[in-house]
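Readers should treat all values here as calculations from the given coordinates under stated rules, not as data from a laboratory. Computed from a predicted structure; not experimentally measured. For neighbour counting, all protein chains shown are included, and Cβ atoms are generated from backbone atoms with ideal geometry for every residue, glycine included.
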Amino acid sequence: MEVNDVGPTAAVGGVSDRELWARAANGDRDAFGRIFDRHAKTVYNHLFRRTADWSEAEDLTSAVFLHAWRRRSEVALDRDSALPWLLGIAERLLSNT
């Protein structure tokens, strides 16, 4: 899995995850892509440490972001970073597998 190595909590270009999330909720795919670029590597690493299987970690990372995409209009971030919420999704997916 290749993802950009942008700091997980860094607001690239001065735009927080909360702002990007609001844009994504309104249908901006590029904004969601930026959230993915910021956090996919961290989510993958977390899942790899928990599963010790790179293939399963990749599949679960995809599932985390698919779930996030589907729920983007239902969820309002209460923090500037989406990472805690994404890791929560990852943990719930792990418990279901």
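Using a simple charge model, +1 on the beta-carbon of Lys and Arg, -1 on the beta-carbon of Asp and Glu, nothing else, what dipole does the chain show about its Cα centre, in debye to the nearest 20? Present the calculation step by step, with values, prior to reporting the outcome.
On the way: 13 positive and 15 negative charges, 48 e Å.
Charge dipole, the chain, about its Cα centre: 220 debye, nearest 20.
Starting with the fewest neighbours, write out T42, T61, T97 ranked by other beta-carbon atoms found within 10 Å of each beta-carbon.
Values: T42 18, T61 26, T97 9.
With the fewest neighbours first, T42, T61, T97 line up as T97, T42, T61.
Starting at the first residue of segment 41-56, write each ³J(HN,Hα) from the Karplus equation 6.51 cos²θ - 1.76 cosθ + 1.60 with θ = phi - 60°, in whole Hz, x for Gly and Pro.
Once rounded to whole Hz, the list reads 5, 5, 4, 4, 4, 4, 5, 5, 4, 7, 9, 6, 9, 5, 5, 5.
Taking 25 Å as R0, compute the FRET efficiency from the Cβ-Cβ separation of S95 and W69 and round it to 0.05.
Working: r = 21 Å, r/R0 = 0.83.
With a Förster radius of 25 Å, E is 0.75.
Could you give me the ³J(HN,Hα) list for segment 32-37, computed from phi with Karplus coefficients 6.51, -1.76, 1.60 and θ = phi - 60°, whole Hz, x at Gly and Pro?
Along segment 32-37, the couplings run 5, x, 5, 5, 4, 4 Hz.
Could you tell me which residue out of A57, T42, S81 lies farthest along the dipole of segment 36-97 toward its positive end? Charges go on the beta carbon: Lys and Arg +1, Asp and Glu -1, centred on the Cα centre.
Sorting the options by dipole projection puts first S81.
Calculated from DSSP H runs of 4 or more alone, at -39500 (n - 2.57) each and per residue, what is the 222 nm mean residue ellipticity of the chain, nearest 500? Spell out each step's value before the answer.
Working: 4 runs with 64 residues, N = 97.
Using -39500 (n - 2.57) per qualifying helix, the result is -22000 deg cm²/dmol.
How long is segment 15-96 along each principal axis, judged by its Cα atoms, biggest number first, in Å?
Computed over segment 15-96, the largest-to-smallest principal extents equal 35, 21, 20 Å.
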